[in-house]
Structure formats: structure tokens, C-alpha cells
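Below is one structure, written out as C-alpha cells; comments come after it.
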Amino acid sequence: MKSTKKIITALTLAAGLAGSVFAQPPGGGQENRTRNRNMDRAQMQQRMQERMKEELQASDEEWQVLQPLIAEVTALRGPEMRRGGGRRGNRNQEQEVPADENAVAKASRELGELLRDENASSENIKAKLDALRTARSENNAAMEAAREKLRSVVTVRQEAVLVSRGLLD
């Protein structure tokens, strides 16, 4: 019985894998994958905004006010915060710079690149470290101002939703 389940599971996985391999367009389809990833990202962001609006129980008029303020806080959080941590992947591989990279992410990326250089001088490392600390400090001040603006226009319930989502503290 158990071996039959294992065989069925293996065949199902193999069939799914074969179907996805044969479904690829000729020529590798890199352009299609990139386009689909960007479309998926845009659709995902749209769905997230719709869920946020529903969760906040915001009318269309309220959403017109709230959405740009939420977007500002989200942008200041930076891509590394939205994705749950720093970049992943091969440390030796050249990484694509995201279009939405903020000053903190840029300073962090530059420090990381410098640290991968075994011959980097202490002075250069200290300069990049200072730049990261400055960027974080400036970002924290801007974040607090953006959060205060957002907090000033929401109801107590909406504030609680935003706190639970990590947008307000």
C-alpha cells in the first residue's frame, strides 16, 4: 500500500515536471519569464493593496488619502524589509540592483560588495559603514515623520491593522 502511494506520487511529480518542461517556449523563454515575473509582481501588489483597503475597511475616498501615505511608509521600509530580509543567492554572483532601492539598501549593498573584497582597506570599510549608519539614521527620521502623518489620518481600528502589519509601531 505504502509503495503504491510512493509510486503514484513519483509518477505525478514526474508528469508535472515533464509538463512544465515541455510547456516552455522555444529559445529558453527568458524574456517571457521576465515579463511574467514583472506582471506577477504588479498583480501581486494590486491584490495586496485591495486586501489592505478591505482590511482597513476604507471607503474609496478614504483610500485616496491612505494609499499614498501607506506607499510612502512602505518605500521607506525598503525592499529588504518588504521581502523579509536581505538579498539571497550566490555571494560571488553579480546582483541586479533593484529599481526601488532606497539609500539604506544602497549603502548596505555597497558595504556588502566591499566586504567581499579580501583586500579592502579598513578606511574604506569604515567609510562604507559610516555611510550605512548615516543612511539608516536619516531613513529612521523620515520613517517616523511618514508614520506620524499616516497615524494622524487613521481611525483607532485602522491604526491597529497597520501596527499588526508592521507599517506603524
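The values are calculated or read from the model by the stated rules, or taken from the named source; none is laboratory data. It should be emphasised that the depicted structure is a prediction, and the values quoted were computed from it without experimental measurement. A quick note on method: Cβ atoms are made from the backbone with ideal geometry, for glycine too, and the neighbour counts reach across all protein chains shown.
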Qualifying residue in segment 133-155 (condition: modelled with pLDDT under 95, closer than 26 Å to S59 by Cα and of a type in the set (K, R)): no
Qualifying residue in segment 126-143 (condition: loosely packed, with under 14 Cβ neighbours inside 10 Å and touching a residue at least 40 places away in the same chain (Cβ under 8 Å)): no
Matching residues in segment 123-169 - criterion: being over 30 Å from E113 (Cα atoms), more than 20 Å from the chain's Cα centre (by Cα) and assigned to a helix (DSSP H, G or I): A145, E148, K149, L150, R151, V156, R157, Q158, E159, A160
Hits in segment 128-143 (condition: in contact with a helix residue (DSSP H, G or I) (Cβ under 9 Å, 6 or more places away or on another chain), among the small types (G, A, S) and under 16 Å from K106 (Cα atoms)): A131, A135
First in segment 101-112 and free of Cβ contacts under 8 Å to residues at least 40 places away in the same chain and of a type in the set (G, A, S), second anywhere and crowded, with 19+ Cβ neighbours inside 10 Å and not in a helix (DSSP H, G or I), Cβ under 9 Å, 6 or more apart: A103/G78; A105/G78; S108/G78
Scope segment 60-90; condition modelled with pLDDT of 80 or more and surrounded by fewer than 10 Cβ atoms within 10 Å (Cβ to Cβ); matching residues: D60, E61
